[in-house]
Amino acid sequence: DAGVRGINDVAAMTSNLNYMNYEQPGVVAVSIRGISQLRIGQASVAFVVDGVTVYNPQEFSQELFDIQQIEVLKGPQGALYGINSIGGAINITTKQPSNEIEGMVRLGYAKGNEKKAFARVSGPLVEDKVLFSVSGNYRKTDGLLNDIYGRDVDAAEETGLRGRLVFNLADNLTADFRGTYTRLDAGALYFA
């Protein structure tokens with residue numbers, strides 16, 4: 001509902017949470033309450049997606065899609081999330097597959113010949129027993145910066161795909177299988 005597309009959007013709405021892209025795509029720094037990280041070091045913030053901790057800070061730069069909820073926990077979270085959580089944790093919960101067929105498509109266009117697309121479909125394979133969801137995003141931009149030869153230096157192309165199968169085996173037993181693929185090919189970023 002808030003239009004969050006990345007961790008930078010979450011940081012803009014959260015006090016004492018800072019997010020910075022460095023001059024290379026995928027190289028980021030996240031800090032909570034002033035506890036930061038080295039440029040290419042491990043994050044001081046746990047990044048957790050559906051209960052699974054993501055240890056590579058480069059994963060912070062991916063576009064967020066298919067999101068149900070994001071919560072920011074400030075302060076040491078080592079008892080819950082272990083390593084890399086001295087500053088806090090960012091918990092992301094993705095949307096659950098539904099028992100009714102539903103879908104959505106979102107398209108966008110912006111400066112720099114930037115094109116974006118997002119699609120999601122969810123529903124039952126076997127009603128109440130086997131549920132699925134598939135979502136994906138695509139973004140391509142020529143960028144806004146040119147070098148002295150007129151070449152695009154901040155062009156980018158990103159593809160993301162997420163799939164999920166949920167098997168309701170019994171009243172108190174569920175098997176949940178998920179897969180995610182993300183690829184980012186990009187040039188430089190504007191850094192000041």
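For the stretch 59-129, what does the alpha-carbon gyration tensor say about shape, rounded, prolate or oblate, given a ≥ b ≥ c as the root eigenvalues, a/c under 1.5 as rounded, and a/b over b/c as prolate?
Values: a/c = 3.83, a/b = 1.29, b/c = 2.97.
Note, shape of the stretch 59-129 comes out oblate.
Pull up all non-local amide H partners of ALA188: gap of 5 or more, or a different chain, and H-to-H distance under 5 Å with H placed in the peptide plane.
Hits under the 5 Å cutoff: ASP154, ALA155.
Below 8 Å between Cα atoms, with a sequence gap of 6+, how large is the relative contact order for the chain in percent? Write down the numbers at each step before the final one.
Details: 454 pairs, mean separation 28.6, N = 192.
Relative contact order of the chain: 15 percent.
Taking amide hydrogens as modeled 1.01 Å from N in the peptide plane, which residues meet the under 5 Å criterion relative to VAL49, leaving out close sequence neighbours?
VAL54, ILE92
Using the Kirkwood formula over every pair of different C-alpha atoms, what hydrodynamic radius in Å results for the chain?
Working: mean 1/r = 0.0548 Å⁻¹.
About 18.2 Å for the chain.
Order ILE101, ILE7, ILE67, most accessible first, counting only protein heavy atoms with a 1.4 angstrom probe. All intermediate terms of the calculation are to be shown ahead of the outcome.
Values: ILE101 140, ILE7 0, ILE67 45 Å².
I get ILE101, ILE67, ILE7, largest accessible area first.
Taking a cut-off of 25 Å between Cα atoms, list the lysines near LYS115, but don't count ones fewer than 8 places away on the same chain.
Partners found: LYS95, LYS140.
What full-extension length gain, to one decimal in nm, is calculated for THR93 and LEU173 as 0.36 nm per residue of separation minus the Cα-Cα distance?
Separation in residues times 0.36 nm, less the Cα-Cα distance, equals 26.8 nm.
Sequence neighbours fewer than 8 away in the same chain don't count; with that in mind, list the aspartates and glutamates whose C-alpha is under 13 Å from LYS111.
Answer for LYS111, where 13 Å is the Cα cut-off: ASP142, ASP154, listed by chain and number.
For the peptides 127-133, 92-98, what is the packing order when you average, over each peptide's residues, the other Cβ atoms within 10 Å and list the highest mean first?
For the peptides 127-133, 92-98, the packing ranking is 92-98, 127-133.
Give, rounded to the nearest 20 debye, the magnitude of the charge dipole that the stretch 148-192 has about its Cα centre when Lys and Arg contribute +1 at Cβ and Asp and Glu contribute -1 at Cβ. Before the final figure, lay out the partial values.
Working: 5 positive and 7 negative charges, 23 e Å.
The calculated dipole for the stretch 148-192 is roughly 120 debye.
Can you put SER15, SER44 in order of accessible area, largest first, using a 1.4 Å probe?
If we order SER15, SER44 from most to least accessible, we get SER15, SER44.
Restricting to Cα atoms and excluding each atom paired with itself, what does the Kirkwood estimate give for the stretch 128-188 in Å? Walk me through the numbers before you get to the answer.
Details: mean 1/r = 0.0693 Å⁻¹.
In the stretch 128-188 this quantity evaluates to 14.4 Å.
The values are calculated or read from the model by the stated rules, or taken from the named source; none is laboratory data. Remember, predicted model here, so these are calculated numbers, not experimental data. Neighbour counts run over all protein chains shown; Cβ positions are idealised from the backbone, glycine included. Side chains are part of the model used for accessible areas, which takes the heavy atoms of the whole protein and leaves out ligands, DNA and RNA. Shrake-Rupley method; radii C 1.70, N 1.55, O 1.52, S 1.80 Å.
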